[in-house]
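So the structure is just underneath, and the comments pick up after that.
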Amino acid sequence: VICDLMMPEVDGAEVMAWVEAERPSLRGRFVFISGGAFTARGRAIVDRGCRVLGKPLEQEELFEVVEATIARQRAR
């Protein structure tokens with residue numbers, strides 16, 4: 001799941017809080033993206049070890065992260 005960290009209605013921290021409470025098995029499937037503007041809640045996502053890619057995204061980096069995320073999930 002690729003999710004923006006900063007969104008107008010719900011931020012990535014809220015999305016992750018819901019996932020952790022309601023669907024914790026999905027936590028490892030998330031990769032966040034950000035233009036670099038971090039709120040304290042956004043910083044908490046990074047501090048908890050969630051992967052955050054900077055915008056603009058490079059196609060190669062995105063593919064590598066998606067492939068690594070999939071590989072980690074398959075290894076479980």
Handout entry: Positions within the stretch 65-76 being under 23 Å from Val10 (Cβ atoms) and either open to solvent by 70 Å² or more (accessible area, probe 1.4 Å) or touching a helix residue (DSSP H, G or I) at 6+ places or on another chain (Cβ under 9 Å) (or both), in sequence order
Key = Thr69
Practice task
Note down all Cβ pairs under 9 Å where the first residue falls in the stretch 47-76 and is assigned to a loop (DSSP other than H, G, I, E, B), the second is acidic (Asp, Glu), and they're at least six residues apart or on different chains.
Solution key: Lys55/Asp4
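Residues are listed down the side, and each one gets a yes or a no for (1) among the hydroxyl-bearing types (Ser, Thr, Tyr); (2) in contact with a strand residue (DSSP E or B) (Cβ under 7 Å, 6 or more places away or on another chain):
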{"site": "Pro8", "(1), (2)": "no, no"}
{"site": "Ala13", "(1), (2)": "no, no"}
{"site": "Val19", "(1), (2)": "no, no"}
{"site": "Glu22", "(1), (2)": "no, no"}
{"site": "Phe32", "(1), (2)": "no, yes"}
{"site": "Gly35", "(1), (2)": "no, no"}
{"site": "Thr39", "(1), (2)": "yes, no"}
{"site": "Ile70", "(1), (2)": "no, no"}
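Scan the stretch 45-64 residue by residue and report those that are touching a strand residue (DSSP E or B) at 6+ places or on another chain (Cβ under 8 Å), closer than 21 Å to Glu20 by Cα and open to solvent by less than 80 Å² (accessible area, probe 1.4 Å). Explain how you work it out, then say what you get.
Residues of the stretch 45-64 that are touching a strand residue (DSSP E or B) at 6+ places or on another chain (Cβ under 8 Å), as a first pass: 45-46, 50-55, 57, 61-62.
From what is left, the residues that are closer than 21 Å to Glu20 by Cα are 45-46, 50-53.
Ile45, Val46, Cys50, Val52, Leu53, listed by residue number.
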Exercise for the section: Among the residues of the stretch 1-26, write down those that are open to solvent by 50 Å² or more (accessible area, probe 1.4 Å) and under 9 Å from the mean Cα position of the chain (by Cα). Expected result: Val1, Ile2
Problem - Cβ pairs under 9 Å, 6+ apart, first in the stretch 23-43 and touching a residue at least 12 places away in the same chain (Cβ under 8 Å), second of a type in the set (Val, Ile, Thr) and open to solvent by 80 Å² or more (accessible area, probe 1.4 Å) - result: Leu26/Val1; Arg29/Val1; Phe30/Val1; Phe30/Ile2; Val31/Val1; Val31/Ile2; Phe32/Ile2; Ile33/Ile2
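The values are calculated or read from the model by the stated rules, or taken from the named source; none is laboratory data. The structure displayed is predicted, hence computed values, not measured ones. Neighbour counts run over all protein chains shown; Cβ positions are idealised from the backbone, glycine included. Side chains included, ligands, DNA and RNA excluded: accessible areas come from the protein's heavy atoms. Shrake-Rupley method; radii C 1.70, N 1.55, O 1.52, S 1.80 Å.
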